[in-house]
Amino acid sequence: MVDPLTGSSGVNGHRIADESLLNDEKTMLGNDPGGMLRATASAGAQVRESAALAAEVDLSMLADEGRPRAVVVAGIGTAGLTGSILSTVAGPRCPVPIIGHRSAGVPGWVGAADVVIAVSASGRSPEALAAAEAAHRRGARLVAIGNPGSELEALAERARAPFIGVPRRAPARATLWGLTIPVLFAGRALGLAKLAEADIAETAIRLDADAERCRVGADSFVNPAKALALGLAGSVPIVWGSSPLATVAARRFGDTLAANARYPVMAGALGEAGRGRVGLLDGVFGGLAETSRDIFADPDEDADEATTRLRLVLFRDGGLNPEDDADEPVAVEERRADAIQTLADRRGVRCDVLTAEGGSTLERLASLVAVPDFASLYLALAHGLDPMAVPAISEMKELSNPGPDGIQ
Ligand SMILES: O=P(O)(O)OC[C@H]1O[C@H](O)[C@H](O)[C@@H](O)[C@@H]1O
């Protein structure tokens, strides 16, 4: 139990990342008592399990009244990210707006013509519960996704709305795939997202293969997640995505780096960053920090540890195929991605590049999420931090929720 009066209680770990910890399997597992590594390695299994669970639920009533005016995906944190994923999979030509709603309830305009997808891993976030309630009250079509036996399930039952139960075995942020697949099933039932069984299977296979490459026993030389984590150690990471799909992955990495490794991160779309935030490369953590570096020094041996530097992680999409019907031609995205690498290079800001692979949107997204998910855990573990227990999150909840007697 965290003592709310002493803000740093429960916080331990080392300020400087210790590379040797990442080759010490026993210590790593000891620092991960909640099993975040195991939960993250289950991504492929989550995809298969959720697909089987979602297939058992009759979602036909969602499409009964025809195409909705809008779809609102309501949920917070990881649950909220599933809305961005649905919108990415539905693609730029989706005829219906798909809107993520990350605060309690639903937007004021939601009514009988709309569909609300309420998502909560625990099945009890006030945001998703209020959304499900509001959807029911306003006569919107509702589907709820989350922990079986939860308040959310009870609410869905009362509203006579379909509920897809996703067993909760880990914190929400390690259940991304378990939550995502049912949201995509709902999108498919509405005729808005293409989701072939083969794409689901291929995505699960890719997640399994990446989990294998990133396994705890594989050392930093062959483990892409450990290598990425060590590159980021001690830096201020900037994570930019070259396309809408790559930006979803970039934001996900921002979330996991913050919650698991407790690093401050700037994450977003490269197109937008290019109009403002790219200026960071010239600043005190970027070009200015780099000009003081000894250019003959071994780049991997940073003598000047006191200087905090930016580290750019660029997620490149590359485009699925030339007839991709996105509004922005792939060539424009590619040129912008090349440009940012040149800018970083000119200033001595180091840059990691991850390029999407795979045949479907879902698989390509998975290819950009899997390794960074593990990297966020390894970065936590290199600092001796338990990636699951985040005292600040519990403390925040304690301080901001009313006590049993109603006094805050
Ligand atoms: O998915 P839910 O159970 O509704 O949780 C939503 C969010 O709640 C908490 O704030 C957790 O710290 C987040 O990691 C989580 O994503």
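The values are calculated or read from the model by the stated rules, or taken from the named source; none is laboratory data. If you're wondering where the values come from, they're calculated on a predicted model, not measured in any experiment. Using ideal geometry, Cβ is built from the backbone for each residue, glycine included, and neighbour counts are taken over all protein chains shown.
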Conditions (1) more than 20 Å from PRO95 (Cα to Cα); (2) touching a residue at least 40 places away in the same chain (Cβ under 8 Å); number of the one not met by LYS194: (1)
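Out of VAL110, VAL47, VAL71, VAL106, which single residue is of a type in the set (Val, Ile, Thr) and farther than 20 Å from ALA132 by Cα?
Of VAL110, VAL47, VAL71, VAL106, the one residue that is of a type in the set (Val, Ile, Thr) and farther than 20 Å from ALA132 by Cα is VAL47.
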Let me confirm something: among ALA201, ALA128, ALA225, ALA229, which residue is closer than 25 Å to ASN401 by Cα, assigned to a helix (DSSP H, G or I) and not aromatic (Phe, Trp, Tyr)? ALA128
Determine the pairs where a residue that is of a type in the set (D, E, K, R), located within region 74-102, has a partner that is outside any helix (DSSP H, G or I) and modelled with pLDDT under 95 with Cβ atoms under 8 Å apart, the partner being 6 or more residues away or on another chain. ARG93/ASP325
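If a residue must be assigned to a loop (DSSP other than H, G, I, E, B), of a type in the set (Gly, Ala, Ser) and either within 16 Å of the ligand (Cβ to nearest atom) or crowded, with 22+ Cβ neighbours inside 10 Å (or both), how many such residues does region 43-85 contain?
2
Looking at region 138-188 only, could you name the residues that are among the small types (Gly, Ala, Ser) and either more than 14 Å from the ligand (Cβ to nearest atom) or assigned to a helix (DSSP H, G or I) (or both)? Let's see the steps before the verdict.
Just the residues of region 138-188 that are among the small types (Gly, Ala, Ser), to begin with: 139-140, 144, 146, 149-150, 154, 156, 159, 161, 165, 170, 172, 174, 178, 186-187.
Within region 138-188, GLY139, ALA140, ALA154, ALA156, ALA159, ALA161, ALA172, ALA174, GLY178, ALA186, GLY187 meet the criteria.
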Output the number of the condition that SER394 fails; it satisfies all remaining conditions of (1) within 16 Å of the ligand (Cβ to nearest atom); (2) crowded, with 19+ Cβ neighbours inside 10 Å. (2)
